[in-house]
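Engineer: Just passing along the structure, written as structure tokens.
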Amino acid sequence: MRRNSWVALAGAVLVLGAGCSSGGDDEASGDSSEATSSDDAGVATAAGGADGGAGDGGGGTFEGAVPVIDSAAQLVNAGRSVIRTAQIDLETDDVGEAGRRAVAVAEAAGGFLADEESAFGDDPTARLVLKVPPDRFSGALGDLGELGQVVSQRVGSDDVTEVVVDLEGRLAAARASVDRLRELLGDAADVPQVVAVESELARREGEVESLAGQLRALESQVDLATITLQLSVAPAADAPSVSEDIPGFLAGLRTGWVAFVNVIGGAATVVGFALPFLALAVVLGLPVLWWRRRQVAAA
């Protein structure tokens, strides 16, 4: 009778292990619904094996097993889980003062300063990571934009509703398997049985912790939006200065004399060009002028 109990318990642990392996393969392929079904089937089969080994002659079922979660139906009734992020680059005259005012903006919105990196010197800069509630996200962005000159701003959102629902379903199935393994551990009759069940129980508990951690990380990002604010000093306006390209007195005098000589030379060139034409006009015009005077005198 004790040998039959050991065989039944070992079979139950092996079935649970097979269900866990199946869930791991389905997780790698991205089909979380099938993984949940395999886990539930493993729990129910293990319970049936244990009951049969106890001698009641039937393949019992585990009433506490979690049913397969219909993710599509759950998504219809669930609120959307959205991760909101923003990146703002600001130029300001006083980086330290702008940083303090930015933290005050986040706190007034019900948030807090999550991280800060500052560098001081001739060109101070600061990087602040602010967390604010999603419903105050837009208002906080507007208030932060008034702290200086906005150089660039990037706002994004990521809908992770399906991921959250998937993790919740897999976590519920993993916890149900852990509960059933603990029941099997209480039914173990000798050391080999205890060792086998404890080994599988430890593996399943590790899976529960991993899934719970992933779910907590996602929920924390959904519950608080993230704003990354980069602060730097605005460049100073160029002050007026004396140009070194302006010539001095002697250079101006020399330039004026050169221009005068060039004008005189140009004028002489024009006169020299016109003299031959003037001489020709005199030679041709004098006889005409003499003939007209005689005509006038004769009249």
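The values are calculated or read from the model by the stated rules, or taken from the named source; none is laboratory data. For clarity, every value in this text was computed on a predicted model and none was experimentally measured. Note that we place each Cβ from the backbone using ideal geometry, even for glycine, and neighbour counts take in every protein chain shown. Heavy atoms of the whole protein, side chains included, go into the accessibility calculation; ligands, DNA and RNA do not. Shrake-Rupley method; radii C 1.70, N 1.55, O 1.52, S 1.80 Å.
Engineer: I'm trying to understand the selection: among the residues of segment 191-201, which are among the small types (Gly, Ala, Ser) and open to solvent by 60 Å² or more (accessible area, probe 1.4 Å)?
Structural biologist: 199
Engineer: So which helices (runs of 4 or more DSSP H) stay within segment 88-190 end to end and still have 1 or more residues that are farther than 30 Å from residue 201 by Cα, among the basic types (Lys, Arg) and open to solvent by 10 Å² or more (accessible area, probe 1.4 Å)?
Structural biologist: 95-108
Engineer: Listed residues 225, 140, 173; which is under 21 Å from residue 81 (Cβ atoms), in contact with a Phe, Trp or Tyr (Cβ under 6 Å, 6 or more places away or on another chain) and among the small types (Gly, Ala, Ser)?
Structural biologist: 225
Engineer: Let me ask something else about it. Would you pick out the residues in segment 202-228 that are of a type in the set (D, E, K, R) and open to solvent by less than 40 Å² (accessible area, probe 1.4 Å)?
Structural biologist: Here is the first cut: in segment 202-228, the ones of a type in the set (D, E, K, R) are 203-205, 207, 209, 216, 219, 223.
Answer for segment 202-228, where residues must be of a type in the set (D, E, K, R) and open to solvent by less than 40 Å² (accessible area, probe 1.4 Å): just 204.
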